[in-house]
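> Following this message is one structure expressed as structure tokens.
The values are calculated or read from the model by the stated rules, or taken from the named source; none is laboratory data. Just so it is clear, the structure is predicted and the values come from calculations on it, not from any experiment. Here the Cβ is made from the backbone with ideal geometry for all residues, glycine too, and neighbour counts use every protein chain on show.
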Amino acid sequence: MLLVIAGCTAEAAPSPPAAAPAPATVVPSQPMAGPYKSVLEACKAAPPCGFLEEDEQGNGRKPPTKPDCSAVKTKDDNYYEPNVSGDSPETAPRWLAKGNFVFAPVRCAVPEGLRASDANYYLYAKRADGWWRSSQRIVEVSFNEKYCMQTVNGTFKTKGDRTTFRFQVASNCVACGKQGNEDNIVDVLDVIDVPASPAIPVTFAPLITGEHRRLELDDDALSDAFDASDPSCKPGKKSLVLKETWSNSDTLVLSGAATWFETAVGADGSVQAWLGPKKVQSNAGSYTFKP
């Protein structure tokens with residue numbers, strides 16, 4: 001385009017250059033602990049969790065001195081977690097397993113009389129020199145057994161030294177004054193690198209890639225006190241799932257919604273099946289997985 005000014009010509013200012021893409025976020029990694037003779041031995045070396053008693057203010061006290069690995073070495077249908085082979089609750093183990101990989105819990109101590117369940121899940125990987133365990137918990141499953149239930153399910157996929165573990169942590173709780181049910185489900189991606197010995201295997205911090213929320217009301221249970229105008233009791237469902245694209249073996253691009261509901265992530269990066277009411281920035285962006 002030409003501008004005519006007092007008999008002179010001048011070219012329009014050039015357009016500003018396109019903004020450079022944001023640099024990829026480096027996903028933190030941790031060396032795995034090991035090797036151990038078995039998954040059970042690896043579990044026994046994990047830190048214990050929970051409390052044996054509560055004080056008058058409800059604060060936990062008397063932490064256990066040893067981890068509870070009973071979910072690894074025994075069957076307990078009251079603590080059933082489906083595994084990837086689709087076994088029935090009567091025959092399935094407490095862990096998710098495929099080939100040389102296991103996702104299994106350390107149960108956390110709960111004071112006697114509390115109707116609660118709490119467990120920290122770790123990743124385990126088998127190599128020629130033995131079993132290795134993630135240094136930190138990947139997921140915390142904690143719920144009130146009277147009003148909620150939580151489950152974990154997922155699949156492993158291995159290519160070369162790298163394994164991706166995609167799993168869901170699902171929570172189902174009584175809602176709206178016991179007149180409905182709410183589901184909160186979080187989709188998570190975790191990456192494990194198991195190189196040949198003597199290199200140490202590593203796990204990367206879990207990355208949330210999707211979330212799902214559903215609220216259903218029990219029409220037969222609605223009381224006269226039910227407030228239909230309460231926005232927290234509006235039935236419906238919503239899913240926000242980010243699209244995964246690997247631009248190379250170490251770089252993952254997550255694309256999709258810019259915002260979603262806040263999620264519970266511990267200081268150590270562990271994930272919980274909880275979605276808050278606030279909207280926050282989603283995990284859309286570029287990520288690099290390099291130990």
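> For Lys159, are the conditions met, namely being out of contact with any strand residue (DSSP E or B) (no Cβ under 7 Å at 6 or more places or on another chain), at pLDDT below 90, over 16 Å from Ala104 (Cβ atoms) and surrounded by fewer than 17 Cβ atoms within 10 Å (Cβ to Cβ)?
no
> Considering each of Val102, Val141 in turn, give the residue that is more than 25 Å from Pro35 (Cβ to Cβ) and in contact (Cβ under 8 Å) with a residue 24 or more places away in the chain.
The unique qualifying residue is Val141.
> Among the residues of the stretch 51-58, is any at pLDDT 90 or above, in a strand (DSSP E or B) and either of a type in the set (S, T, N, Q) or surrounded by 10 or more Cβ atoms within 10 Å (Cβ to Cβ) (or both)?
no
> Moving on. What strands (runs of 3 or more DSSP E) lie completely within the stretch 160-259 and have 3 or more residues being free of Cβ contacts under 8 Å to residues at least 12 places away in the same chain and within 30 Å of Ala125 (Cβ to Cβ)?
Filter on the stretch 160-259 gives 243-248.
> Please indicate, with yes or no, whether at least one residue in the stretch 198-210 is within 30 Å of Pro35 (Cα to Cα), of a type in the set (Gly, Ala, Ser) and loosely packed, with under 12 Cβ neighbours inside 10 Å.
No: the stretch 198-210 contains no residue that is within 30 Å of Pro35 (Cα to Cα), of a type in the set (Gly, Ala, Ser) and loosely packed, with under 12 Cβ neighbours inside 10 Å.
> Output the number of residues of the stretch 109-134 satisfying the condition of being among the small types (Gly, Ala, Ser), more than 20 Å from Pro63 (Cα to Cα) and touching a strand residue (DSSP E or B) at 6+ places or on another chain (Cβ under 7 Å).
Summing the residues that are among the small types (Gly, Ala, Ser), more than 20 Å from Pro63 (Cα to Cα) and touching a strand residue (DSSP E or B) at 6+ places or on another chain (Cβ under 7 Å) in the stretch 109-134 gives 3.
> For the stretch 60-74, how many residues meet the condition of being part of a loop (DSSP other than H, G, I, E, B) and either at pLDDT below 80 or not polar (S, T, N, Q) (or both)?
Within the stretch 60-74, residues that are part of a loop (DSSP other than H, G, I, E, B) and either at pLDDT below 80 or not polar (S, T, N, Q) (or both) number 7.
> Any idea which residue in the stretch 260-281 is surrounded by the most Cβ atoms within 10 Å (Cβ to Cβ), counting only those that are of a type in the set (Gly, Ala, Ser) and in contact (Cβ under 8 Å) with a residue 60 or more places away in the chain?
Per the criteria, the residue is Ala273.
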